[in-house]
Amino acid sequence: MDLTFTPAEERFRVELRAWLADNIPPRWRSRSFWSAIGAAEAFELRRDWERRKYDAGFAGISWPREYGGRGGTPGMQAIYDEETQRAGAPPTVNALGLAFLAPTVMAIGTDEQKRDIIGPMLRNEVIWCQGFSEPGAGSDLAALRTTGVLDGDEFVVNGQKVWTTNAVYADKMFALVRTEPGAQRHRGISMLLIDMRSDGVDARPLRQLSGASEFGEVFFTDVRVKVTDCLGGAGDGWSTAMLLLSFERGASGIAQYTAFRGQFDEIVAAAAAFGRTGDPVLRQRLASRIVELECLRYHSMHILTQIEKGAELGAESSLTKLQWSHTHQELWETFDDLLGPEATLTRPRPDADLRGMQHEAMWSRSVTIWGGSSQVQRNIIAERLLGLPR
Ligand SMILES: Cc1cc2nc3c(=O)[nH]c(=O)nc-3n(C[C@H](O)[C@H](O)[C@H](O)COP(=O)(O)OP(=O)(O)OC[C@H]3O[C@@H](n4cnc5c(N)ncnc54)[C@H](O)[C@@H]3O)c2cc1C
């Protein structure tokens with residue numbers, strides 16, 4: 001494991017840190033700012049912020065220059081993740097497009113798709129959402145039932161997607177659609193690039209535990225999609241989806257570690273404000289959290305070293321997902337312990353503005369579900385890393 005960065009990477013850190021210090025308004029660093037403004041305003045602020053970041057040359061850090069990226073190393077990407085978290089930069093509005101769709105288009109897209117998709121995504125002119133899950137198809141994705149029937153040079157799409165992050169804000173969706181009825185489960189699926197403004201697309205927000213609506217459900221009624229808007233071969237959508245999901249392996253966990261370390265400090269500050277830092281049980285729980293956080297940091301550095309060596313991570317990415325999601329969830333369970341029964345109130349401790357922290361605690365319930373649930377990750381680890389029988 002290599003715990004150091006190169007001189008060029010450290011120079012990049014200095015440049016980025018200075019730019020972030022000049023460009024992030026201090027009020028953005030406060031949770032109460034983001035919880036006080038409406039979701040639509042927050043989305044537009046974040047969208048505009050990313051456009052400015054692109055103009056300053058801090059988008060697509062490790063993407064090739066030919067696609068508008070910076071051509072940086074995995075170490076620079078890790079530094080970017082670390083510094084943006086540390087500076088309190090808002091999260092990207094185009095996470096699914098940038099992390100998954102763009103590298104897939106670079107790998108297997110047509111020249112037109114590369115031209116039309118990558119630049120506008122990097123500049124945040126087009127926001128993407130992911131349409132994989134359906135009411136009867138989550139962990140068992142191949143059970144999906146949304147259909148696309150070929151009619152001339154278009155597919156006619158009917159069906160429903162659910163839990164679609166950014167459903168109501170997205171301009172486009174990369175969706176898995178069954179285009180060959182009667183084919184075996186993993187065959188006859190295509191990945192279609194659907195314009196969310198098309199006739200017949202109905203995106204409805206779903207209200208979460210926290211009151212926010214970060215995801216939604218999307219209904220398709222006779223939506224027409226050109227055959228040229230199929231990514232990868234028609235009927236080959238399963239392999240396209242597996243390629244797309246494999247890009248998650250590029251994520252080392254550094255961004256999560258940095259964010260959670262800051263959250264740990266917030267929880268300790270709240271404990272101090274409530275006069276609870278002398279509580280031996282709470283102290284022990286906080287100590288366990290810091291141990292888990294440091295384990296996450298070392299695991300992240302190990303993964304980064306593997307990426308820099310060009311190693312194929314394979315099922316090891318399941319370890320990363322399992323480790324960061326449980327570290328996050330246990331961290332926020334400790335916050336709930338701190339509040340005690342008041343954690344269930346919409347406004348606990350009226351003297352303190354805890355809404356943002358409560359939102360994070362509620363959000364932490366979801367991290368062991370999306371991106372592959374913990375049970376599914378454990379199956380992968382058991383079968384592929386430990387060699388246990390299926
Ligand atoms: C916040 C959030 C955002 C999301 N965003 C998106 C998005 O943008 N696009 C999208 O397509 N989807 C999205 N999802 C959906 C997500 O991918 C699914 O929720 C996830 O794949 C689980 O599927 P499911 O909800 O249908 O649960 P199920 O698959 O029905 O699972 C139910 C339970 O059974 C367990 N289970 C299932 N199969 C097995 C097995 N083989 N062995 C052991 N246990 C098993 C699961 O772990 C879980 O505990 C999002 C979900 C959340 C919570």
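Brief remarks on what is shown
- With 23 Å as the limit, the listed pairs Lys114/Lys172; Lys172/Lys226; Lys114/Lys226; Lys172/Lys321; Lys161/Lys226 have Lys172/Lys321 beyond it between alpha carbons.
- Distance between the C-alpha centres of region 6-51 and region 198-272: 21 Å, rounded to the whole angstrom.
- Percent of beta bridges antiparallel (DSSP, the chain, rounded to nearest 5): 85 percent
- Peptides 122-132, 225-235 ranked from most to least packed, by the mean per-residue count of other Cβ atoms within 10 Å: 122-132, 225-235.
- Of Thr179, Trp163, Ile369, farthest towards positive along the dipole that unit charges on Lys, Arg, Asp, Glu beta carbons give the chain: Ile369
- In Hz, Karplus ³J(HN,Hα) per residue of region 123-134 (6.51, -1.76, 1.60; θ = phi - 60°; x = Gly, Pro): 7, 6, 7, 10, 9, 10, 10, 10, x, 9, 5, 9
- Calculated on the Cα set of region 7-93, radius of gyration then Dmax: 13.6, 42 Å.
- Euclidean distance between Cα centres, region 326-390 to region 294-313, Å: 23 Å
- Working note: Karplus 6.51/-1.76/1.60 with θ = phi - 60° gives region 327-338 the couplings 4, 5, 5, 5, 4, 7, 5, 5, 5, 4, 4, 4 Hz, where Gly and Pro are set to x.
- Residue of Glu312, Glu50, Glu180 that the Gaussian network model of the chain assigns the largest fluctuation, springs spanning Cα pairs under 10 Å: Glu312
- Structure remark: mean-square fluctuation, Gaussian network model of the chain, C-alpha springs under 10 Å; the largest value among Tyr169, Tyr257, Tyr67 belongs to Tyr67.
- Net charge in the neighbourhood of Thr110 (other residues with Cβ under 11 Å of its Cβ; Lys, Arg +1, Asp, Glu -1) is -2.
- Helix 7-23 axis, angle to the chain major axis (alpha carbon atoms, nearest 10°): 80 degrees
- Most mobile of Leu322, Leu345, Leu304 in a GNM of the chain (Cα contacts under 10 Å): Leu345
- Think of region 1-114 as having a plus end and a minus end, set by charges on the Cβ of Lys, Arg, Asp and Glu; of Ala102, Ser32, Ser62, Ser32 sits farthest toward the positive end of this dipole.
- Shown here: the chain, whose C-alpha atoms stretch 71, 50, 49 Å along the first, second and third principal axes, sorted largest to smallest.
- Only alpha carbons enter this Debye calculation for region 176-326, each as an equal point scatterer, and the log10 of I(q)/I(0) it gives at q = 0.10, 0.11, 0.16, 0.19 Å⁻¹ is -0.64, -0.73, -1.04, -1.14.
Read-outs throughout are calculated quantities, based only on the coordinates presented, and are distinct from any laboratory measurement. Bear in mind the structure is a predicted one, so any value in this text is a computation, not a measurement. Note that each Cβ is placed from the backbone with ideal geometry, even for glycine, and that neighbours are counted across all protein chains shown.
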